[in-house]
Each structure stands twice: as C-alpha cells, then as structure tokens.
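See structure below.
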Amino acid sequence: MTAAADLVLTNAEVHTLGSPDETHEAVAVRDGEVVRVGRAFDVGLLAGVETRVVDCGGRVVLPGFIDAHTHLPMVGRSLVHADLSAAGSPAEAVELLRERAAEVESDDETGDEAGWVLGYGYDESTWDDSRYLTRDDLDAVSESRPVVAFREDVHTAGVNSVVLDESPWEADSIRDIAVSMTIVDGRVVFERD
C-alpha cells in the first residue's frame, strides 16, 4: 500500500517546467518531495486522514523556487558596470575599474554625462592581500571622476577622494561610521545612519 501524501494541491494548473512543459490538474507531496502529478482523481487517491488538501481554484502551481537572497537591482547593475567578482587581488580590481573608467570616458563622448565609475562584487576574503579597497586604490582609477567599488555583499563600499570631497564629514572621520550614500541627479547624497 502506498503511504498517504502530506499535501495535495488539486483543481490547479500544475506546470512541471520539463521539456516540454506538461500541465496537470493536481500534485501530491510527501516528506517535502513531489510523489505524483496527474489528474485530480488519481492524485486524490493519495489523500489520507491527515493529508492537507488545498483547492487551488484553477490557479497556476509551479515547482519550488529557492530564494538565493539575490539583490536583483544589484545583479542588474553588475551587468552594466565593472564586474569585480573575477578580481584575484586589489590590483586586479583596480584594473577592472580602470577599464570601466575608459568606457565611461567613451560614453561621455556620446553624450552620457553621468561620469560615475562603479564596480560590484569584489571579495577580499579570497585575496592573498585580504583587505577592502581603499581611497588610495580608487584614486588610482581616477582623480577626476567619482569611483565606487562595492563588496560582493553590497554592505561595504570603497570610494575615492572625489566622492569623499562631496561628503559633509571630514574624509578621515568617516572611516568607522555607518553612512548611506545615494546618487541623485549625478551627485552623491550622504546620510548618517
């Protein structure tokens, strides 16, 4: 005898997302695994006394998704700015930012006046020289354009002197305080957290 399911979703449009995608009326789950998809009658046979049965009212049911805690706006930004995830050292991260700075220079010639050099995704914990990118590192990218390098978790960013010059605080005094930085109309706006 087949054990009862823990959960039965019925009266649904169940997509398997296989190749080709199949559509079924119901799905049964036991111990966190799908044990049957098919016609509502057939899947209903797996409903036991303690099975939770949910009438989906014809709604769509898709296979489970795992939230990888991805900050989607940051993922998008990393696609159009310097991708620092491949950097194996501070020097490699600086070189990737220099390449992006050259692209920004080229964009200026076509009319884009934003001028910010942004990089995303470095992970200093994998480097032999395990340290955050500093103002000195980023000043080597550009002394005239704002440069920001975000760590892979996007909770830490290094900035160059151009950005710090826009800060309402003395550059040497903001090393250990929490500051939110937002770019508005091509200018940086700082708020102390």
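The values are calculated or read from the model by the stated rules, or taken from the named source; none is laboratory data. On a predicted model such as this, the values are computed, not experimentally measured, just so you know. No Cβ is skipped: glycine too gets one built from the backbone with ideal geometry, and neighbour counts run over all protein chains shown.
Just a yes or no: is a residue in segment 146-154 more than 21 Å from the chain's Cα centre (by Cα), at pLDDT 60 or above and either under 22 Å from Gly88 (Cβ atoms) or not β-branched (Val, Ile, Thr) (or both)?
Within segment 146-154, one or more residues are more than 21 Å from the chain's Cα centre (by Cα), at pLDDT 60 or above and either under 22 Å from Gly88 (Cβ atoms) or not β-branched (Val, Ile, Thr) (or both).
Which count do you get for residues in segment 1-15 that are in a strand (DSSP E or B), more than 14 Å from Pro63 (Cβ to Cβ) and either touching a helix residue (DSSP H, G or I) at 6+ places or on another chain (Cβ under 7 Å) or charged (D, E, K, R) (or both)?
3
To keep it simple, each residue is scored yes or no on (1) of a type in the set (A, V, I, L, M, F, W, C); (2) part of a loop (DSSP other than H, G, I, E, B); (3) without any contact (Cβ under 8 Å) to a residue 24 or more places away in the chain.
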residue	(1), (2), (3)
Gly119	no, no, no
Ser125	no, no, yes
Ser130	no, yes, yes
Leu138	yes, no, no
Ala149	yes, no, no
Val154	yes, yes, no
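His81 passes all but one of (1) at pLDDT 95 or above; (2) surrounded by 15 or more Cβ atoms within 10 Å (Cβ to Cβ); (3) touching a Leu at 6+ places or on another chain (Cβ under 7 Å); which number fails?
Status for His81: all satisfied but (1).
Would you check which residues across segment 110-129 are modelled with pLDDT of 90 or more and surrounded by fewer than 13 Cβ atoms within 10 Å (Cβ to Cβ) and list them? Don't jump to the end; show me each part of the working.
Going through segment 110-129, the residues modelled with pLDDT of 90 or more turn out to be 117-129.
Result: Ser125, Thr126, Asp128, Asp129.
Six or more apart or on different chains, Cβ under 9 Å: which pairs go from a residue in segment 60-75 that's under 29 Å from Thr23 (Cα atoms) to one that's at pLDDT 65 or above and assigned to a loop (DSSP other than H, G, I, E, B)? Could you list them?
Partner pairs satisfying both residue conditions: Val60/Ala12; Val61/Ala12; Leu62/Leu17; Pro63/Thr16; Pro63/Leu17.
When segment 10-30 is examined, which residues are found to be modelled with pLDDT of 95 or more and of a type in the set (Asp, Glu)?
Glu13, Glu25
I need a count of the residues in segment 16-57 that are assigned to a loop (DSSP other than H, G, I, E, B) and under 30 Å from the mean Cα position of the chain (by Cα).
Final tally of qualifying residues: 7.
Does at least one position in segment 66-76 carry a residue that is at pLDDT 95 or above, assigned to a helix (DSSP H, G or I) and farther than 22 Å from Glu143 by Cα?
No: zero hits.
Give the residues of segment 3-46 that are surrounded by 11 or more Cβ atoms within 10 Å (Cβ to Cβ) and of a type in the set (S, T, N, Q), sorted by residue number.
Result: Thr10, Asn11, Thr16, Thr23.
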